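A short write-up of the structure that comes next.
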Amino acid sequence: MKKVVKFGGSSLASAEQFKKVGEIIREDKARRYVVPSAPGKRFSKDIKVTDMLYDCYETAVAGKDFSDKLKKIQERYQEIIDGLGLDFSLKDDFKIIEENFRKGAGMDYAASRGEFLNGKVMAAYLDIPFVDAAEVVRFNEDGSFNDEVTNELLSDRLSDLERAVIPGFYGAKEDGTVVTFSRGGSDISGSLVALAVHADLYENWTDVSGFLIADPRIVRNSKSIEIITYKELRELSYMGASVLHEDAIFPVRKAGIPINIRNTNAPQDKGTLIVESTCRKSKYTITGIAGTDGFAAITVEKAMMNSEVGFCRKVLQVFEDNGVSIEHMPSGIDTMTIFVRKDTFEEKEQKILSDINKAVHPDHIELESDLALIAVVGRGMKSTRGTAGRIFSALAHAHINVKMIDQGSSELNIIVGVRHEDFKNAIRALYEIFVLTQL
């Protein structure tokens with residue numbers, strides 16, 4: 001058995017958290033490859049080390065004295081080292097960082113040092129080899145990620161190492177210039193390591209016991225999801241559920257490696273297992289509910305629209321030409337409605353409306369803003385009759401008007417549109433009928 005374990009910033013924010021991580025790793029010999037994030041917040045008003053590094057570097061490139069800010073970052077790491085009782089020093093590393101900050105090594109370099117330094121501390125604490133991600137995670141000259149070369153480099157380097165620490169979040173170009181993934185990119189790093197070593201399981205440790213059926217900020221004491229497929233996860237992530245960086249799915253999915261989301265502070269919890277497919281039935285008809293607001297709807301109406309060849313294409317071309325992505329497009333015989341992100345649409349609103357008028361000469365265009373979309377997702381919906389009816393019933397009982405409903409052909413999800421002010425109540429109503437009420 002071979003496992004890759006990735007730990008998030010909250011799991012490594014202090015010496016106390018490091019000790020929890022150490023116990024987790026040591027209790028299972030299969031946990032051989034460790035991918036750490038930078039130290040996160042120790043308490044609610046604390047500052048993440050990555051944000052401290054950004055601030056320090058900005059001060060440096062502005063030509064101001066940044067020594068105090070760099071010293072505070074060094075003190076954060078020293079606090080962890082002392083708390084672990086290690087005979088280990090990062091002084092030489094901080095000297096190099098200071099020099100590179102003065103030379104203007106770049107924001108990506110600055111941000112990556114959080115993971116780099118934490119990786120060194122972790123390797124010293126576990127007494128296993130440290131592998132710099134800059135040497136084994138490759139980016140192209142244009143900054144795009146090179147998955148093929150990365151897999152070759154990682155596979156070659158780790159083939160001779162029974163155990164290793166590989167910091168997450170960053171890599172480098174061929175010339176050594178450091179490049180980072182987007183925020184949360186350590187999830188991707190862990191997935192790449194799992195692929196390279198042909199892991200049996202990729203454990204992603206964070207501060208929650210896996211995915212919850214609904215956002216706990218909206219639904220109190222939401223129940224957890226025991227097992228979820230990659231397709232279900234993709235649907236929920238798209239609609240705002242954020243536990244795992246969605247780009248982290250693809251490397252392991254390709255290799256058929258399951259992902260287990262676990263809680264560092266509650267290691268006894270099984271968490272959520274993410275798999276390609278499963279014959280295990282969901283405990284409930286649905287797997288999860290997720291939603292996001294900030295949408296606008298543009299309804300284009302024209303008599304005999306259905307008989308006009310190319311009508312929809314011309315309307316969609318207008319949005320493409322203006323660089324606005326379309327989220328959903330329900331339609332009728334004489335109408336079509338386009339759902340878009342409100343913030344991107346507002347900037348080009350009048351230009352788009354003018355272009356639509358020129359392109360298809362509609363009878364009427366209606367705009368509606370402050371809308372929210374909610375996805376009800378679950379592999380169990382396909383074999384359960386009346387799911388859409390229960391959605392309408394729940395929302396009607398809560399006195400919520402449905403502005404749109406859209407079901408994918410896979411029957412994996414149903415998306416409903418509601419007004420912004422009904423968003424949270426709609427999620428609560430759906431949770432109640434599918435989870436709390438067993439019909």
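List of remarks:
- Those residues of the stretch 175-206 which are within 14 Å of the chain's Cα centre (by Cα) and not aromatic (F, W, Y), in sequence order: S182, R183, G184, G185, S186, D187, I188, S189, G190, S191, N204, T206
- Only one of the listed residues (D55, D46) is over 23 Å from S89 (Cβ atoms), not polar (S, T, N, Q) and not in a loop (DSSP other than H, G, I, E, B). That residue is D55.
Let's see how each residue does on (1) assigned to a helix (DSSP H, G or I); (2) among the acidic types (D, E); (3) within 30 Å of S354 (Cβ to Cβ):
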| residue | (1), (2), (3) |
| --- | --- |
| E368 | no, yes, yes |
| L373 | no, no, yes |
| I391 | yes, no, no |
| H399 | no, no, no |
| I415 | no, no, yes |
| N425 | yes, no, no |
| L430 | yes, no, no |
| I433 | yes, no, no |
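- Check on G323, in contact (Cβ under 8 Å) with a residue 24 or more places away in the chain, of a type in the set (G, A, S) and touching an Asp or Glu at 6+ places or on another chain (Cβ under 8 Å): no
- Selection within the stretch 181-202 - surrounded by 23 or more Cβ atoms within 10 Å (Cβ to Cβ) and part of a strand (DSSP E or B): Y202
Residue-by-condition table, conditions (1) over 16 Å from T287 (Cβ atoms); (2) without any contact (Cβ under 8 Å) to a residue 24 or more places away in the chain; (3) open to solvent by less than 50 Å² (accessible area, probe 1.4 Å); (4) among the hydrophobic types (A, V, I, L, M, F, W, C):
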| position | (1), (2), (3), (4) |
| --- | --- |
| K382 | no, no, no, no |
| R390 | no, no, yes, no |
| I414 | no, no, yes, yes |
| R428 | yes, no, no, no |
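- Considering residues of the stretch 26-50 that are open to solvent by less than 60 Å² (accessible area, probe 1.4 Å) and farther than 15 Å from R163 by Cβ only, the residue farthest from the chain's Cα centre (by Cα): D46
- Long-range neighbours under 6 Å by Cβ, at least six apart or interchain, first residue free of Cβ contacts under 8 Å to residues at least 12 places away in the same chain within the stretch 57-73, second of a type outside the set (D, E, K, R) and part of a loop (DSSP other than H, G, I, E, B): T59/F66
- Y33 under 23 Å from V137 (Cα atoms), in contact (Cβ under 8 Å) with a residue 12 or more places away in the chain, hydroxyl-bearing (S, T, Y) and not in a helix (DSSP H, G or I): yes
- From the list V300, V252, V309, the lone residue that is open to solvent by less than 60 Å² (accessible area, probe 1.4 Å), of a type in the set (V, I, T) and under 30 Å from H361 (Cα atoms) is V300.
- In summary, G8 fulfils each of the numbered conditions (1) at pLDDT below 95; (2) surrounded by fewer than 17 Cβ atoms within 10 Å (Cβ to Cβ); (3) within 27 Å of L154 (Cα to Cα) with the single exception of condition (2).
- Answer from E79, E23, E75, E16 - the residue that is open to solvent by 60 Å² or more (accessible area, probe 1.4 Å) and under 20 Å from R163 (Cα atoms): E23
- Hey, G83 out of contact with any strand residue (DSSP E or B) (no Cβ under 9 Å at 6 or more places or on another chain), farther than 29 Å from S191 by Cβ and not hydrophobic (A, V, I, L, M, F, W, C) or not: yes
The values are calculated or read from the model by the stated rules, or taken from the named source; none is laboratory data. Keep in mind that what you see is a predicted model, and the values were worked out from it rather than measured. Cβ coordinates were reconstructed from backbone atoms using ideal geometry, including for glycine residues, and neighbour counts include every protein chain displayed. Accessible surface areas use protein heavy atoms only, side chains included; no ligands, DNA or RNA. Shrake-Rupley method; radii C 1.70, N 1.55, O 1.52, S 1.80 Å.
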